[in-house]
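Take a look at the structure set out below.
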Amino acid sequence: MSLLERIDAFRGRRILVLADLVADEFVYGRSERVSREAPVLILRHDGADLLLGGGGNAAHNIRTLGGAPIPLGALGRDGHGQKLRALLRAKGIDASGTFTVPGYVTPVKTRILAGGTHSTKQQVVRIDRHSRVPEGAPQRHLLKALREFRGRVDAVLVSDYGFGLLTPPVVEAAIAFARRRRAPVTVDSRHGLLAFRGMTAVTPNEPELEDALGVTIGHDRRLLELAGRRMLRRLGARAVLVTRGSDGMALFEPGRPTVHIPIHGTDQVADVTGAGDTVIATFTLALSAGAVPVEAARLANYAASIVVTKRGTATVSRAELKAVVATADLDR
């Protein structure tokens with residue numbers, strides 16, 4: 001089956017997404033002058049956007065690529081939590097698996113972007129607001145949801161941004177759930193990757209791989225090889241896909257040579273915000289559609305090449321992905 005046929009097979013794939021849901025807020029301003037109060041710019045407010053971030057962005061990418069995401073995640077009893085739930089519904093995503101946790105503050109990442117009237121606005125600062133999900137009832141809620149879940153599931157995606165909801169017992173239950181359904185399960189964990197074991201695949205970026213193993217890779221492929229193979233063994237995974245920015249991606253599988261995938265298109269990117277969410281969403285959808293890991297990795301690489309040309313937390317459509325793959329095939 002060709003990569004284009006794999007993309008067609010994305011349609012309707014039901015992906016259970018255990019997610020840390022984040023509000024990505026973008027505030028835009030025109031720079032006018034330097035303040036007399038401090039050596040900082042004064043910005044005239046131009047507008048603001050609130051977008052699905054974190055695991056919500058992964059779910060949104062699954063939706064725009066033709067899949068049917070089913071997010072399970074916690075929200076605070078606050079305005080941003082209400083807005084995220086409404087955003088999910090507005091994007092055609094089933095929000096019934098989201099639940100409110102008393103005392104929890106919905107994570108918000110506020111990015112301030114500044115520029116002149118005729119220039120592109122650039123991010124000048126980011127402000128993060130969040131708390132940790134309390135242990136106990138929220139995790140029991142997720143475990144119960146997994147036990148009682150009915151209906152078809154073609155894959156499970158775990159998007160852990162480190163806010164305390166996706167504890168090792170919850171992720172272990174998600175992995176067991178996927179195994180019972182004979183569905184692939186992928187994990188993207190910012191800080192706790194080594195706490196999990198037995199998933200189908202993981203998609204860390206290179207700094208996350210370095211942090212997890214306590215190594216520095218840089219541009220040294222020998223060190224990358226050692227780290228990738230070590231991660232495979234530690235996790236007992238079928239695949240480790242390491243995203244390396246301008247150095248592309250590296251796919252590790254047991255018993256197979258490492259596949260180094262160069263970036264597609266230009267290395268001059270507009271914005272990498274949320275690119276990792278696009279990668280794991282595409283990779284997971286491809287696995288759910290029967291792709292082998294190297295096919296899924298190539299599709300994820302093409303999707304990443306599209307999303308980094310867009311400003312802010314962005315998504316990739318099935319039509320965009322097919323257009324890039326078709327062009328790439330012609331260039332071979």
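The table for this structure:
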item	result
Restricting the range 295-332 to residues that are of a type in the set (Val, Ile, Thr) and assigned to a loop (DSSP other than H, G, I, E, B), the residue that is farthest from Ala281 (Cα to Cα)	Thr309
Residues within the range 225-259 that are farther than 22 Å from Thr282 by Cβ and either in contact with a His (Cβ under 7 Å, 6 or more places away or on another chain) or of a type outside the set (Lys, Arg) (or both), tallied	7
Filter result for the condition that a residue is touching a His at 6+ places or on another chain (Cβ under 6 Å) and either farther than 23 Å from Val279 by Cα or in a loop (DSSP other than H, G, I, E, B) (or both), over Gly151, Gly162, Gly198	Gly162
Thr186 polar (S, T, N, Q), modelled with pLDDT of 95 or more and out of contact with any Pro (no Cβ under 9 Å at 6 or more places or on another chain)	yes
In the range 102-118, the residues that are hydrophobic (A, V, I, L, M, F, W, C), surrounded by fewer than 20 Cβ atoms within 10 Å (Cβ to Cβ) and either at pLDDT 95 or above or in a loop (DSSP other than H, G, I, E, B) (or both)	Val105
Matching option when the condition is under 22 Å from Arg179 (Cα atoms) and modelled with pLDDT under 95, among Gly198, Gly218, Gly248	Gly198
Filtered residue count, the range 169-219, keeping only those that are in contact with a Gly (Cβ under 9 Å, 6 or more places away or on another chain), in contact (Cβ under 8 Å) with a residue 60 or more places away in the chain and over 14 Å from Leu235 (Cβ atoms)	1
Helices (runs of 4 or more DSSP H) contained in the range 1-97 and holding at least 3 residues out of contact with any Lys or Arg (no Cβ under 6 Å at 6 or more places or on another chain) and either surrounded by fewer than 24 Cβ atoms within 10 Å (Cβ to Cβ) or basic (Lys, Arg) (or both)	3-8, 79-90
Residue that is surrounded by the most Cβ atoms within 10 Å (Cβ to Cβ) [pool: residues in the range 278-310 that are at pLDDT 95 or above and among the charged types (D, E, K, R)]	Arg298
Residues satisfying the stated conditions in the range 61-82, i.e. within 20 Å of Gly312 (Cβ to Cβ), β-branched (Val, Ile, Thr) and out of contact with any helix residue (DSSP H, G or I) (no Cβ under 6 Å at 6 or more places or on another chain)	Thr64
Positions within the range 147-168 being more than 16 Å from Gly55 (Cα to Cα) and touching a residue at least 40 places away in the same chain (Cβ under 8 Å), in sequence order	Phe149, Gly151, Arg152, Val153, Asp154
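Residue-wise test of (1) part of a strand (DSSP E or B); (2) within 18 Å of Asp277 (Cβ to Cβ); (3) among the small types (Gly, Ala, Ser).
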{"residue": "Phe99", "(1), (2), (3)": "yes, no, no"}
{"residue": "Asp128", "(1), (2), (3)": "yes, yes, no"}
{"residue": "Pro134", "(1), (2), (3)": "no, no, no"}
{"residue": "Leu142", "(1), (2), (3)": "no, no, no"}
{"residue": "Leu146", "(1), (2), (3)": "no, no, no"}
{"residue": "Arg179", "(1), (2), (3)": "no, no, no"}
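Yes/no matrix, rows are residues, columns are (1) on the phi < 0 side of the Ramachandran plot; (2) surrounded by fewer than 20 Cβ atoms within 10 Å (Cβ to Cβ); (3) not hydrophobic (A, V, I, L, M, F, W, C):
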{"site": "Gly214", "(1), (2), (3)": "no, yes, yes"}
{"site": "Asp220", "(1), (2), (3)": "yes, yes, yes"}
{"site": "Thr243", "(1), (2), (3)": "yes, no, yes"}
{"site": "Glu253", "(1), (2), (3)": "yes, no, yes"}
{"site": "His260", "(1), (2), (3)": "yes, yes, yes"}
{"site": "His264", "(1), (2), (3)": "yes, yes, yes"}
{"site": "Val272", "(1), (2), (3)": "yes, yes, no"}
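The values are calculated or read from the model by the stated rules, or taken from the named source; none is laboratory data. Everything numeric here is computed off the predicted structure, so don't read it as measured data. Positions of Cβ are backbone-derived with ideal geometry, glycine not excepted, and every protein chain shown enters the neighbour counts.
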